[in-house]
Structure formats: structure tokens, C-alpha cells
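Colleague: Submitted below is the structure of interest, expressed as C-alpha cells.
Since every read-out is calculated from the coordinates, none of them should be taken as a lab result. Computed from a predicted model, the values in this text were never measured in an experiment. Glycine gets a Cβ as well: all are built from the backbone with ideal geometry, and neighbour counts include every protein chain shown.
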Amino acid sequence: MSGVPLRDVLVLGGGPAALCIASALAGEGLSVALLAPHDLRAPWPNTYGIWGEEVDALGLAHLLEHRWSHTVSYFGAGSSDPADPANRPTPHRRDYGLFDRGALQQHWLDACERGGVELLAGKAERFRLDAEGRWSVLATADGARHQARLVVDATGHEPVLVRRPDLGPVAGQAAYGIVGRFSAPPVEAGQFVLMDYRADHLSTEERRQPPTFLYAMDLGEGRFFVEETSLALAPPVPYDTLRRRLLRRLAHRGVRVEQVEHEEFCLFPMNLPLPDLRQPVLGFGGAASMVHPASGYMVGSLLRRAPAVAEAVAGLVRAEPQAGSAQLAQAGWDALWPLDLRRKHALYQFGLEKLMRFSEVQLRAHFATFFSLPDAQWYGFLANTATVPELLTAMLRLFGQAPWSVRLGLMGLQGREPALLARLIRPS
């Protein structure tokens, strides 16, 4: 199209995934534009956590706002007696960090500026390939036209362009949280609580309903972050239920909310199927189903996987200057979802299907057993750094060590579980 600049890559989106992949592509020397419908410098609303070992390996520990070494979970039933073994914490013996959202955002914005990324305003609406299939042509809601050799859709879990199959209900991890000040510390000084499944504040009937847990941390200077979370459910647990449970949990331990600095409402899909890996648009982040089905985390994965995707796309651009959008997208998809990661995705989703059927008692027993595995096994599982054989070894060890209530829940195949096992053997 005459008068419309041709760029190597046009990235859609303005969140962590979009900034991450745009900066990685620009770092490979490609001409990149980033199209977002909002101000790219607007503060991000949600918090992003990461294990200390992950962020250290990436060399980005300076981007953490907080870091805890006192990291624990609670998998007992709970009771009013603090000395009761049901209130005994499970230590994790690993640091956990919370990103400084502004610093992380600026880190990527600075990298985009160094790489010459052009920041564009607009909402992507329509996409097509040119007559020869070489260029991607994108139209925005305001009538603007953009051309690029490749379009990367990083617009989130409900992407603008990326297509994925419909394989049934999608389970969401829902959370309601408060940053603020309290009448008494909701967690111990300097403590980070990954999961607190104690449910002694609930009635017998409520304990038959979908389980939720507390995710909480001491932010220092009398400030705390507390969040009631549902691991995954379809349909997701409503925010009102989570808020009510959080306040009851706190009240049961003699804690009142005195000042609310920030409320967090979090909902994202945990078991999205992989996208069509043959489409001429490349996805990244939530649009590419990169949320970890076992933990809900994604930022560490963005940081680890963006360089390989960028290198694959840039390598093809340099090697084959005439390569079209479909070829470049395929190079990116192959780097983003190689065979071993597709198998791991199926395995994680298989495990999540099992956990979504578990009662509160079974979940507590499952996680107590899971975190009793050797540190390298549970950490590799949650960080998605273990190989498929290592994951299978960890799962078999867990089955052997778990109580019979958990083993019975893991046995047999229901619902989508046979299809997920089939994808482990022959990934889509």
C-alpha cells in the first residue's frame, strides 16, 4: 500500500507480554512497532510474583520491590489453638519476590526505546495477508492501516487475532486482594505465605464448596497484601464470595481491615488449549496460552522464552529476505511451543483437571505431599523448568507418597483427561 511504512514486526498489546516480546525483537535488530489502544505508560493494576531463583537466573533481581526468605504454606485444617499441629506451616526454603510493577514496565519501555520501537495508538480490528501472502495488513478501528512482515498478537487471554480451538469450558483462577493496614498482622513479620488452605473459619457446608486459599505477604512498615484465591474452576468463583471468605478468614484470627490502599481483582484462564500453531499471526503471552496451568504464573516464562522466539524470527528474516508472514509466524510458533513444551502443557493440564475435582481435604493432603518432595522436583514443576521425564518422575513419586484419599482422586480417567493424556503422547 502506497504511503504505508513496512515494518519487520507489528506487536499488538500494551501489557507485560507485548512489551517483553517487542523489546526482544527490537534487540535482534528488527524494525518493530507496538500498537496499543491505551497509554503504554499507564500503571499496571495487578501484582506479579516470581521465585527468587528464577529472577536471579534472569539477572533481574534489581526489579523486585520485595523479597522474602521466610516463605511458607499452611495445609493443615487449622484450629483456634496456635500450638495445634493443624496450624503448623510447611517451609519452602526458597526466596520469593514481588516485582516492582513500575520498574518492570520501565525496564521494557527502556529496552523498546533503545531498540527503536515505534509506539502507536490504536485498536486492532481486521487482519489480512496481501495478495502474494508476503505482508500482513492490519486495520484499526479508526481506519488506519499498517503493514508488517509479521504481526504478533499479545493482547491477552481473549486475543484480537489469534485463533485457538474450542475444547470446552475454560477454568479461571480468581482472586480478590487488599493492600492495606490491619488491626493486627495477618501474617508473621517478614513472612510470605504462598498458600494457606486452613478452613476452620468456614462452616461444614461451606467446606463442601469449592476450596479457596490465602496468598499473603508482609510488605513492611505495617502494610500487608492479603488475597483470597481459587486455584481454578469453571465457572470461576465470584469476587463477592472471595471477598466474604477473606474477611471471615481475617476476623476468625482477630484481624480487621483498617485501611485499604488498593483492591485487586484478578481473573485469568488456567487451561486454555494451545492456539493453532499454523496460523500466519504469531501469539505471545496470554494470547499464546502461556499461563502455567499448574500455578497461574506467566512473567518468568515471558522473560525466558521471548529471546528464543525473537532469535528465530530474526534469523529467518536475515536468512530468507523474501520469507512471508506465514513462514515467519511458523518460525516463531516453533520456537515458542517446541515439542517438549507442548507435552508439558498437556501434562500440566491433565494434573489441573485432577485437582479441580478434589475436595478441600484432598487438596490440603495433595499439596502437603507435593511440597514434601525434594525441593528441586516441586520447584521445577512450578517454575516450568523441569523436563518431561523429570515431571513424570515427580508425579510418580507424589503418587507413591500421597495418602490414599489423594491416590484415589488421581486414579481413573474422567472428562477431558483421556484427551489430555493423548496430547502428551501426540501433541497438537
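Colleague: Relative contact order for the chain using alpha-carbon pairs under 8 Å, separation at least 6, rounded to a whole percent?
Modeller: Taking the mean separation of contacting Cα pairs over the length of the chain, I get 18 percent.
Colleague: If you wrap a convex hull around the C-alpha atoms of segment 342-425 and split its volume per residue, what is the figure in Å³?
Modeller: Details: hull volume 7.2 nm³, N = 84.
With only Cα atoms used, segment 342-425 gives 86 Å³ per residue.
Colleague: Just rank ASP56, ASP110, fewest to most, by other beta-carbon atoms within 10 angstrom.
Modeller: Exposure proxy ranking, most exposed first: ASP110, ASP56.
Colleague: Show that you can apply the helix-only estimate: for the chain, add -39,500 (n - 2.57) for every DSSP H stretch of four or more residues, divide by all residues, and state [θ] at 222 nm to the nearest 500.
Modeller: Value at 222 nm, helices only, nearest 500: -10500 deg cm²/dmol.
Colleague: Any chance you could run the full-extension gain for ARG426 through THR393? It's 0.36 nm times the residue separation minus the Cα-Cα distance, nm to one decimal.
Modeller: Between ARG426 and THR393, full extension yields 9.9 nm more.
Colleague: Right, next: Can you give me the Cα centroid spacing of segment 38-114 and segment 312-342 in angstrom?
Modeller: Cα centres, segment 38-114 to segment 312-342: 33 Å.
Colleague: Further question: Grab the other residues whose beta carbon is less than 12 angstrom from that of TYR48, score K and R as +1, D and E as -1, and report the net. List each step's numbers first, then the result.
Modeller: On the way: positive: ARG101; negative: GLU54, GLU65, ASP100, GLU264.
Net of charged neighbours comes to -3.
Colleague: With a 10 Å radius around each residue's Cβ, average the other Cβ atoms per peptide and rank 20-30, 275-285, 304-314, highest first. Numbers along the way, then the final one.
Modeller: Numbers: 20-30: 25.4, 275-285: 22.9, 304-314: 20.9.
With the highest mean Cβ count within 10 Å placed first, the list reads 20-30, 275-285, 304-314.
Colleague: Just flag the trypsin sites (Lys or Arg not before Pro) in segment 239-273 sitting in loop per DSSP whose Cβ has no more than 13 other Cβ atoms within 10 Å.
Modeller: Sparse-neighbourhood loop trypsin sites (Lys or Arg not before Pro): ARG256.
Colleague: Given the peptides 60-66, 230-236, 165-171, arrange them by the average over their residues of other C-beta atoms within 10 Å, most packed first.
Modeller: Peptide ranking by packing, descending: 230-236, 60-66, 165-171.
Colleague: Between VAL160 and residues 5 or more places away or on another chain, which pairs have amide H atoms under 5 Å apart, with H built 1.01 Å from N, and which residues are they?
Modeller: Correct list: THR155.
Colleague: Still on this structure: How many nm separate the modelled label positions at GLU261 and ALA319, each set 7 Å beyond the Cα in the direction of the Cβ?
Modeller: 5.0 nm
Colleague: Write out the GluC sites (Glu not before Pro) in segment 72-151 meeting two conditions: DSSP loop, and at most 12 other Cβ atoms within 10 Å of their Cβ.
Modeller: The qualifying sites are GLU132.
Colleague: Taking the number of other C-beta atoms within 10 Å as the exposure measure, put LEU35, LEU109 in order starting with the fewest.
Modeller: Sorted ascending by nearby Cβ count, the order is LEU109, LEU35.
Colleague: Using the scaling law 2.2 N^0.38 Å as the reference, what is the normalised Cα Rg of the chain?
Modeller: Numbers: Rg = 22.5 Å, N = 428, 2.2 N^0.38 = 22.0 Å.
Normalised Rg, Cα atoms only: 1.02.
Colleague: Right, something else. I'd like the Karplus ³J(HN,Hα) series for segment 143-155: coefficients 6.51, -1.76, 1.60, θ = phi - 60°, whole numbers in Hz, and an x wherever there's a Gly or Pro.
Modeller: x, 6, 10, 9, 10, 7, 5, 8, 10, 10, 8, 10, 8
Colleague: May I ask you to derive the relative contact order of segment 342-425, considering only C-alpha pairs under 8 Å and at least 6 residues apart, and to give it as an integer percent?
Modeller: 52 percent
Colleague: Packing-wise, with mean Cβ within 10 Å as the measure, how do 191-198, 379-386 rank, highest first?
Modeller: 191-198, 379-386
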